DNA sequence: TCTCATGTTTAGGT
DNA sequence: GACCTAAACATGAG
């Protein structure tokens with residue numbers, strides 16, 4: 001569930017429920033963070049940075065990361081005990097299977113919003129510079145690097161590379177500048193497509209590479225391999241996606 | 001029933 | 001220290 005655009009949906013849901021500025025009536029859950037601190041506090045803001053979600057209070061922030069299996073429910077509960085429940089007078093939010101932390105620092109000290117592909121502060125030039133500083137890295141790895149493309153996950157990675165016809169094992173330093181710029185541009189464009197399609201409940205139908213068997217462009221099989229530092233699933237077409245490698249000698 | 005997977009950190013080895 | 005791997009966390013879909 002939780003790549004960057006999914007966290008935007010969560011943030012928008014809570015903002016639309018008019019919970020900004022509202023007081024927390026009760027906080028509970030299996031988390032080990034000090035929930036007494038939240039009680040009675042007013043939410044100053046809901047924010048996100050990539051896949052991280054933040055509930056901001058005057059003196060501290062609750063950070064929630066849904067990891068691989070995390071979910072949330074608004075005004076509903078599962079049988080399973082929530083990791084964190086925050087109750088307001090008019091609504092409650094339940095988070096399950098997530099990592100909860102309390103942050104004392106100013107968020108801007110910890111997170112650079114120019115790296116968040118969903119942010120108004122996203123900066124494509126900065127991302128390009130970061131890529132150029134990693135000539136030996138694989139494109140399949142850099143797209144998942146949260147310091148460069150915060151919010152991009154494995155689905156977006158695969159779809160971006162399919163869109164721009166770049167093989168996941170291509171080396172950053174071997175990509176022509178034009179292609180490198182396409183990596184940066186498409187990471188943001190596809191993330192917003194992802195957001196729109198997920199809201200319209202048609203995200204899965206829009207996938208062209210991820211979990212696909214056949215390439216719609218050429219009718220040849222989409223291959224699946226575990227590539228890169230984290231051995232994440234790569235779906236790609238060897239016919240349509242060009243492998244850029246550095247000449248070695 | 002079994003396998004797989006939209007993620008990240010940390011510990012330990014080489 | 002750089003680099004790599006496994007483990008840990010925990011759950012639903014197919």
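A quick yes/no check of all residues on (1) within 16 Å of DNA strand B (Cβ to nearest atom); (2) part of a loop (DSSP other than H, G, I, E, B):
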position	(1), (2)
A:76	no, yes
A:80	yes, yes
A:85	no, no
A:100	yes, no
A:105	yes, yes
A:126	no, no
Which one of A:10, A:14 is within 16 Å of DNA strand B (Cβ to nearest atom), on the phi < 0 side of the Ramachandran plot, in a helix (DSSP H, G or I) and in contact (Cβ under 8 Å) with a residue 40 or more places away in the chain?
A:10
Against the condition surrounded by fewer than 20 Cβ atoms within 10 Å (Cβ to Cβ) and in contact (Cβ under 8 Å) with a residue 60 or more places away in the chain, how does residue A:47 come out, does it pass?
yes
I'd like to verify a number: residues in the range A:140-153 that are within 14 Å of DNA strand C (Cβ to nearest atom) and within 24 Å of residue A:110 (Cα to Cα), how many?
4
Report whether or not residue A:48 is within 16 Å of DNA strand B (Cβ to nearest atom) and at positive phi.
no
Mind listing whichever residues of the range A:87-98 are more than 15 Å from DNA strand B (Cβ to nearest atom) and assigned to a strand (DSSP E or B)?
A:87, A:92, A:93, A:94
Tell me, which residue of the range A:46-68 that is in contact with a strand residue (DSSP E or B) (Cβ under 8 Å, 6 or more places away or on another chain) and outside any strand (DSSP E or B) is nearest to DNA strand C (Cβ to nearest atom)?
A:67
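Would you tally the residues in the range A:132-168 being assigned to a helix (DSSP H, G or I), away from DNA strand B (no atom under 13 Å from the Cβ) and either without any contact (Cβ under 8 Å) to a residue 40 or more places away in the chain or touching a helix residue (DSSP H, G or I) at 6+ places or on another chain (Cβ under 9 Å) (or both)?
4
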Which of the residues spanning the range A:213-233 are surrounded by 12 or more Cβ atoms within 10 Å (Cβ to Cβ) and at positive phi?
A:228
What's the number of the condition residue A:109 fails, among (1) over 30 Å from residue A:174 (Cα atoms); (2) in contact with a strand residue (DSSP E or B) (Cβ under 9 Å, 6 or more places away or on another chain); (3) within 16 Å of DNA strand B (Cβ to nearest atom)?
(2)
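Can you confirm whether the range A:232-242 contains a residue that is out of contact with any helix residue (DSSP H, G or I) (no Cβ under 9 Å at 6 or more places or on another chain) and either more than 14 Å from DNA strand C (Cβ to nearest atom) or under 20 Å from residue A:172 (Cβ atoms) (or both)?
The first filter runs over the range A:232-242 and keeps only residues out of contact with any helix residue (DSSP H, G or I) (no Cβ under 9 Å at 6 or more places or on another chain), leaving A:238-239.
If we keep only those that are either more than 14 Å from DNA strand C (Cβ to nearest atom) or under 20 Å from residue A:172 (Cβ atoms) (or both) as well, we get A:238-239.
For the range A:232-242, residues out of contact with any helix residue (DSSP H, G or I) (no Cβ under 9 Å at 6 or more places or on another chain) and either more than 14 Å from DNA strand C (Cβ to nearest atom) or under 20 Å from residue A:172 (Cβ atoms) (or both): present.
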Exactly one of (1) loosely packed, with under 14 Cβ neighbours inside 10 Å; (2) under 30 Å from residue A:143 (Cβ atoms); (3) touching a helix residue (DSSP H, G or I) at 6+ places or on another chain (Cβ under 9 Å) is unmet by residue A:59. Its number?
(2)
Scan of the range A:169-196 for residues that are within 16 Å of DNA strand C (Cβ to nearest atom) and in a helix (DSSP H, G or I), ordered by number:
A:172, A:173
Here the residues within the range A:107-124 that are within 15 Å of the chain's Cα centre (by Cα) and part of a helix (DSSP H, G or I) are A:113, A:114, A:115
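Here is a yes/no grid of residues against (1) surrounded by fewer than 18 Cβ atoms within 10 Å (Cβ to Cβ); (2) within 13 Å of DNA strand C (Cβ to nearest atom); (3) modelled with pLDDT under 95:
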site: A:71; (1), (2), (3): yes, yes, yes
site: A:78; (1), (2), (3): yes, yes, yes
site: A:81; (1), (2), (3): yes, yes, yes
site: A:84; (1), (2), (3): no, yes, yes
site: A:98; (1), (2), (3): no, yes, yes
site: A:103; (1), (2), (3): yes, no, yes
site: A:124; (1), (2), (3): yes, no, no
site: A:131; (1), (2), (3): no, no, yes
site: A:135; (1), (2), (3): yes, yes, yes
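The values are calculated or read from the model by the stated rules, or taken from the named source; none is laboratory data. Please read all numbers here as calculations on a predicted model, not as lab measurements. Every residue, glycine as well, gets a Cβ built from its backbone with ideal geometry; the counts of neighbours run over all protein chains shown.
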